[in-house]
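Below is one structure, written out as structure tokens; the observations come after it.
The values are calculated or read from the model by the stated rules, or taken from the named source; none is laboratory data. The model shown is predicted, which means the values in this text are computed figures rather than measured ones. All Cβ positions, glycine included, derive from the backbone under ideal geometry; neighbour counts span all protein chains shown. Note: accessible area is taken over every heavy atom of the protein model, side chains too, but ligands, DNA and RNA are not part of it. Shrake-Rupley method; radii C 1.70, N 1.55, O 1.52, S 1.80 Å.
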Amino acid sequence: MIPKLIAEARKIVIKIGSNTLADKDGKINTAFLEEFAAQAAALIKSGKQIVIVSSGAQVAGLSTMGKWARKRDIHYRQALCAVGQVELMGAWTRAFGKNDLHIAQILLTQDDFGDPIRTLNMRNTLFTLVDEGIIPIINENDTVSVEEIKIGDNDTLAAQSAILWSADLLILFSDIDGLYNKNPKEYNDAELVGEVRDIEEVRKNITIGEANSFGTGGIATKIDAAQRIKAYGIPTILAHGGKPRVLEALAAGTQRGTAFLTGNE
Ligand code: ADP
């Protein structure tokens, strides 16, 4: 089903989690960015359109500053994101630049999605960028997002962006092959759920474990994201972003993942 979803989708939102963007030392994984950009460029050449939702600002900020890792104060965390966002976009600019593609930064908050005029502007900007062959890279605007107005995790932001842009498919890249019946990091015998048709049913049948050190939402926000966009007829693929040439492998059916289906497939 995953190759079919990718083959049939023209407009694809791809969300890349912090754990995929960072390497083992907590630095931006430029090898991943470059491999990903090359695959995205090939998809664009084949007629597809791509919008990226990229986490990783805080991780990039920490590795740039080399300090503040233990500061929990919200202003320090926002400052880290402000530093790291620039680094992150620099890394994306270089990765896509090698494929002669331009990127654009879009920073959003929850408030933006609640305001019809802003929503319209965001939508028009997204359409214009993509029509011009530019790759929008969306992230939460952490500097203005105090707790009360935080989207909080990029799975939700990716779902909202997919709806806003009327995407055909959402791909969530994490550091696990997909949704399991229990946390694969804790249980060796956890089994992958390859296809989800009934999200409420799957919620009853799986156990949700802890998120990763850099992760914010964990698996719960990925299920919520899939459920949110299912109502708009948009399917979701959850897969391991760190696997070799993962976009191509998913399209070819050689890499497994979880497909959250809408019923229209
Ligand atoms: P990301 O930063 O990629 O968004 P998160 O750390 O927020 O990732 O969430 C993914 C993590 O959720 C996985 O690495 C896994 O350890 C954990 N997890 C907990 N329960 C499950 C489950 N039932 N199936 C899959 N992953 C799970």
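The residues of segment 36-58 that are within 15 Å of the ligand (Cβ to nearest atom), open to solvent by 10 Å² or more (accessible area, probe 1.4 Å) and not in a loop (DSSP other than H, G, I, E, B) amount to a single one, 58. In segment 113-143, of all residues being surrounded by fewer than 13 Cβ atoms within 10 Å (Cβ to Cβ) and of a type in the set (A, V, I, L, M), the one that is farthest from the chain's Cα centre (by Cα) corresponds to 117. The set of residues in segment 59-80 that are among the basic types (Lys, Arg) and part of a helix (DSSP H, G or I) contains only 77. If you check 223, 199, 229, 237 for being surrounded by fewer than 18 Cβ atoms within 10 Å (Cβ to Cβ) and hydrophobic (A, V, I, L, M, F, W, C), only one passes: 199. Contact map, segment 105-128: first residue under 12 Å from residue 161 (Cα atoms), second residue of a type in the set (Asp, Glu) and open to solvent by 80 Å² or more (accessible area, probe 1.4 Å), Cβ cut-off under 9 Å, separation 6 or more or different chains; pairs are 110/148.
How many residues are open to solvent by less than 70 Å² (accessible area, probe 1.4 Å) and in contact with a Lys or Arg (Cβ under 8 Å, 6 or more places away or on another chain) when one looks only at segment 61-76? Of the residues in that region, 1 qualify.
Within segment 222-242, if we keep just the residues that are assigned to a loop (DSSP other than H, G, I, E, B) and without any contact (Cβ under 8 Å) to a residue 60 or more places away in the chain, the residue that is farthest from residue 36 (Cα to Cα) turns out to be 231. Of all residues in segment 2-35, those satisfying the criterion of being part of a helix (DSSP H, G or I) and either out of contact with any helix residue (DSSP H, G or I) (no Cβ under 7 Å at 6 or more places or on another chain) or farther than 26 Å from residue 66 by Cα (or both) are 2, 3, 4, 5, 6, 7, 8, 19, 31, 35.
When the criteria are applied in full, residue 183 meets the requirement of being open to solvent by less than 70 Å² (accessible area, probe 1.4 Å), free of Cβ contacts under 8 Å to residues at least 40 places away in the same chain, assigned to a loop (DSSP other than H, G, I, E, B) and more than 26 Å from residue 107 (Cβ to Cβ).
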